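In what follows, a structure is listed as structure tokens, so that the remarks can point back to it.
The values are calculated or read from the model by the stated rules, or taken from the named source; none is laboratory data. It should be emphasised that the depicted structure is a prediction, and the values quoted were computed from it without experimental measurement. We place every Cβ from the backbone using ideal geometry, glycine too, and count neighbours over all the protein chains shown.
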Amino acid sequence: MFKAVLITIIRLYEMALGRTVKRCQELRRVEDHPRGVRAKSVNTRVKKVVRKRILRDNKRLMRKMASGLNISPTSMRRIGQT
């Protein structure tokens, strides 16, 4: 039983080492691959604009404000809740 667990652990280390060596050969460095980052549609400027519009007229529809600012209605609701 212990021998099987030990072999499994050693095999996992071998696989991790193999991935690291392969990444090093591809990138010529040890760091991870660069990843794409999703662009944030809501930033501080948009939050300020939304808060000012809500203070001016709190009966205004969130969907209309969202389409005016080119952000999704879901993002608009999240801003309005905070």
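Quick notes on this one:
- Condition check for Arg45: within 21 Å of the chain's Cα centre (by Cα), exposed (fewer than 10 other Cβ atoms within 10 Å of the Cβ) and assigned to a loop (DSSP other than H, G, I, E, B): no
- Failed item in (1) within 20 Å of the chain's Cα centre (by Cα); (2) surrounded by 10 or more Cβ atoms within 10 Å (Cβ to Cβ); (3) modelled with pLDDT under 85, with Ile71 passing the rest: (3)
- Residue in the stretch 32-42 that is surrounded by 10 or more Cβ atoms within 10 Å (Cβ to Cβ), β-branched (Val, Ile, Thr) and modelled with pLDDT of 85 or more present: no
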